[in-house]
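Each remark here refers to the structure printed beneath this line.
The values are calculated or read from the model by the stated rules, or taken from the named source; none is laboratory data. Keep in mind the model is a prediction, meaning the values are calculated, not measured. Note: ideal-geometry Cβ built from the backbone for every residue, glycine included; neighbour counts use all protein chains shown.
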Amino acid sequence: MDGYSGKRAAEIVGITYRQLDYWARTDLIRPSLAEAAGSGSRRSYSYRDLLELKVVKNLLDAGIRLEQVREVFEYLQDNLGENVSTANLVVSNGRAVLVRSGEEIIDLLQNGQGVLNVLPLSGVKDELDAAIVEFVPASQRVAPMNAEAI
């Protein structure tokens, strides 16, 4: 199997196909293996794409608006590169703070106050792996990249 179809990717990540389609069309997360190129063609998502989709879903679930998710995700990609799953995000009423270590806090968004929720991105990989096991037969699974590459 060369990647995950859009339908399968949406199932694994826990979003609707409509959300997945919108995120691809608006350049939030585009499939890295194959993009839809007209009627009858299919998108193909890699394991890393699924990991990024799961991070976006968790940010939305934590109460971050989609416009802000775009900013946060762009920052994560630019500053953490391949290794987004090593960070922790602290979320407070629409405000996200990236915490890489106990001393280093980077303010990503400049509004809101309130109760903080910590969103450890390392757990996203474990959630994704469990969903793949649930939704994809072993013979059709794409081998995940090693932990250092993620």
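Within the stretch 1-19, the set of residues being small (Gly, Ala, Ser) and farther than 15 Å from residue 127 by Cα comprises 3, 5, 6. The set of residues in the stretch 58-69 that are within 15 Å of residue 27 (Cα to Cα) and crowded, with 18+ Cβ neighbours inside 10 Å comprises 68, 69.
Flag: residue 74 does not match the condition of being under 20 Å from residue 127 (Cα atoms), modelled with pLDDT under 80 and not hydrophobic (A, V, I, L, M, F, W, C).
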